[in-house]
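These notes concern the structure reproduced below.
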Amino acid sequence: MADELNRLTHAALFEGFFIAGLSGFGGVLPFARRIIVDRRHWLTDAEFADLFSLCQFLPGPNIVNLSAAFGARHRGITGALAAMAGLLAAPITIVITLGLLFERFGRNPLVHHGIEGLTAAASGLILATALKIAGPALRIPASLAMVVLAFTLFAILHLTLPLVILIALPISLLLAARRVK
């Protein structure tokens, strides 16, 4: 598998992320994870979670950041561009097409009900993916403690995300340093 990862071509990067972008229009993360971890074995669960965590700190859409970081890791700047182009090609085309269709049929009540149903399905996909990504972290007591801390600070105490990061980051670094020793 290591040899396969070293030989990831621009075409393979484009194709893998194109399939994710096409499959997961509106919610690519579950499909990107399935392709990268489960089907192609390009990363392990833990590696995917680590890379995705890093990409959440970068400005811009997390999944686009992930495609760029993964592509750059294997083929440099051109690999990042190939992965991002693959990820974005289908959704951009679909959004333009849907926009044209919505302009034509958007006043129809059936269209509004259909969108409400899609919202519920997308919420389920996001929850399922969050649980899969959190799986490796939840097996480590220190990581589980950080999840509980972040949830408490953000969801219960309603602190802003920058404040949660300022509080959680030093604690997380301390716990990680203790695990390494």
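Tabulated results
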item: Where a residue in the range 50-68 is under 16 Å from Met84 (Cβ atoms) and among the charged types (D, E, K, R) and its partner, wherever it lies, is outside any loop (DSSP other than H, G, I, E, B) and open to solvent by 30 Å² or more (accessible area, probe 1.4 Å), with Cβ under 8 Å and at least six apart; result: none
item: Any hit, the range 80-93, residues being in the same structural domain as Ala46 (by TED's automatic domain parsing), at negative phi, touching an Asp or Glu at 6+ places or on another chain (Cβ under 8 Å) and touching a residue at least 40 places away in the same chain (Cβ under 8 Å); result: yes
item: Subset of the range 34-50 (residues that are assigned to a helix (DSSP H, G or I) and of a type in the set (Val, Ile, Thr)); result: Ile35, Ile36, Val37
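The values are calculated or read from the model by the stated rules, or taken from the named source; none is laboratory data. All values derive from a computational prediction rather than experimental measurement. Cβ sites come from the backbone with ideal geometry, for glycine too, and all protein chains shown count toward neighbours. For the accessible areas, the whole protein counts, side chains as well, though only heavy atoms, and no ligand, DNA or RNA atoms are used. Shrake-Rupley method; radii C 1.70, N 1.55, O 1.52, S 1.80 Å.
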